[in-house]
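Here's the structure we're looking at; comments come further down.
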Amino acid sequence: MPEFFTDYSLMPFHLSLIAVVLLGLAETVGYYFNLRPSKVFRGFSSKHLDELPMLSVKFSKTLIIFFLLMNFSFAGYFLQFCIYAREMTFFPAYYLILPALIIAIFFTVFMIHCLDQVIPAKRLKQEVNLLGRLATISSGNARPGFSAQARVRDEFGQLHYVQVEPEFGELEFQSQVILIRTKKSHYIAKRISPSNRLFSLDLGH
């Protein structure tokens, strides 16, 4: 069997795994010096980048990069070892980069969705009143007893991410809703019908 650490067919996946380790070390060490990669990334991220559904989450965007690199590395190893078990040789890496990336994105989105469901939402500042504002479901579907994340702008144009659930029925991903009242740590929302959407936009924005 070829040398595992020196085979060029595995090199992109080695580098991805090394990047995961270095990112984890940098984040850990940077925590003590207030110089974490997550803060640097947050400084370069734009408003439009934050509004992407994949990035509309309640935890650091650096964790998404960490998951993506890790899953890319493991997917590459898995594909190469499956090929080696059949052909007794590794394929050139450029044949597997795209399939490994697709698998990595799939598992990364799945992991993000799972984490986003269990991480508690950040409490909103008391002076921000979002009642009556128009919001868009940005992560998952919401139903009574099971909240989903929505993005909403306050009167100053600042973007907020809140947890919402309906009184009854279901609120699908990307549906537009109005925040009608609060319930503990989340909002009760009502779906906007097409006939009322223009009127609600005038009220919310």
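The values are calculated or read from the model by the stated rules, or taken from the named source; none is laboratory data. Because the structure is predicted, anything quoted here is derived from the model rather than measured. Virtual Cβ from ideal backbone geometry, glycine too; neighbours counted across all protein chains shown. Side chains included, ligands, DNA and RNA excluded: accessible areas come from the protein's heavy atoms. Shrake-Rupley method; radii C 1.70, N 1.55, O 1.52, S 1.80 Å.
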In region 100-129, anything modelled with pLDDT of 85 or more and open to solvent by less than 50 Å² (accessible area, probe 1.4 Å) is listed as Ala100, Ala104, Thr108
Name the single residue, out of those in region 64-95 being among the aliphatic types (A, V, I, L, M) and over 26 Å from Cys114 (Cβ atoms), that is surrounded by the most Cβ atoms within 10 Å (Cβ to Cβ). Ala93
Keeping to region 145-158, report how many residues are more than 20 Å from Leu115 (Cα to Cα) and either of a type in the set (D, E, K, R) or at pLDDT 85 or above (or both). 4
Return yes when Phe41 is within 17 Å of the chain's Cα centre (by Cα) and either at pLDDT 60 or above or in a helix (DSSP H, G or I) (or both) and no when it is not. yes
